[in-house]
1. Too long at a 19 Å Cα-Cα cut-off: which of Lys118/Lys181; Lys158/Lys209; Lys89/Lys181; Lys95/Lys118?
2. Give me the one-decimal Kirkwood hydrodynamic radius in Å for segment 54-130, with the sum taken over alpha-carbon pairs.
3. Give me the net charge for the shell around Gly93: Cβ to Cβ below 11 angstrom, other residues only, Lys and Arg +1, Asp and Glu -1.
4. Which of rounded, prolate, oblate describes segment 100-243, given a ≥ b ≥ c as roots of the alpha-carbon gyration tensor eigenvalues and a/c under 1.5 marking rounded, otherwise prolate only if a/b is larger than b/c?
5. Distance between the C-alpha centers of segment 79-146 and segment 178-245? Whole Å please.
Amino acid sequence: MDLVRRFLILLALPAALEAQETPAAVEGLLRALDDDSIEVRQKATEELERLGEEARPALVRRRSEAFSLEVRSRIGEILGRLDTAKRLKEFKGGKPVCGFSARLEVKEDPEDGTVLFKAEFMNVGPAAAGFVPIQSWNTSLPGSSSSSSHSRAQLRVKALDGEILLTHRGRCSGGSFAPPKTPVRVEAGGTRVFELRLDGDKDEFLRLKPGSYEATVVYYACSRGLLAGAEEDLESNAVRFTVKG
């Protein structure tokens, strides 16, 4: 294929798609995955991914029929990214890091006045991956904080009722023993759940006064090397809740 023809195909592809019904557009893009030009193949890949779930049935069918290893590989990559996008949308967690997303739920127990924080981590990526379990927590609460170099995550709670937090009574826990960072295998779409309960009756540092709060969980994916290749820590969605007392 000469350069002029390649250029014309790349220019015409988006306009041609807009003028067609989705099924016809998808079939044309699937044929383009086997084009002689790598530029055309790459553009078709991008357009199929942009079409999203509308293209999934045809992608699945074409992958089973294709003779070309490259075509099957490209379709597999597209389907993997579609799976990731679908899981993220349904999971409603925070920004993913290295294929994992975190979602936080908060529940106050009116019977005993404790507050339960449940952090769920999902592998939203296309393949199984390792995840180091949370065995201990750091906390950052209004008026107090706790910190250990061995903790693998932090619960952050801030007051929303105008309280100015100038004084934090810091506490460090943990000895010289550092638990091994042994990851567990989490399949694509699989989850791991960890809970932390704040009980002010057992520890005054963990008592939340009546009021409005916002909480997030931070998993030390980067700062403590818990997820291979992470360039930032993994943060959950922010949850607002009220402690009635």
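1. Values: Lys118/Lys181 21 Å; Lys158/Lys209 12 Å; Lys89/Lys181 30 Å; Lys95/Lys118 17 Å.
Over 19 Å apart, Cα to Cα: Lys118/Lys181; Lys89/Lys181.
2. On the way: mean 1/r = 0.0670 Å⁻¹.
Roughly 14.9 Å, rounded to one decimal.
3. Numbers: positive: Arg87, Lys89, Lys92, Lys95, Arg103; negative: Glu90, Glu105, Glu120, Glu235.
In short, +1.
4. Values: a/c = 2.00, a/b = 1.53, b/c = 1.31.
It comes out prolate by the Cα gyration axes.
5. 7
Any read-out appearing in this document is the output of simple, stated calculations on the displayed coordinates, not a laboratory observation. Source: prediction; values computed, not measured. Cβ sites come from the backbone with ideal geometry, for glycine too, and all protein chains shown count toward neighbours.
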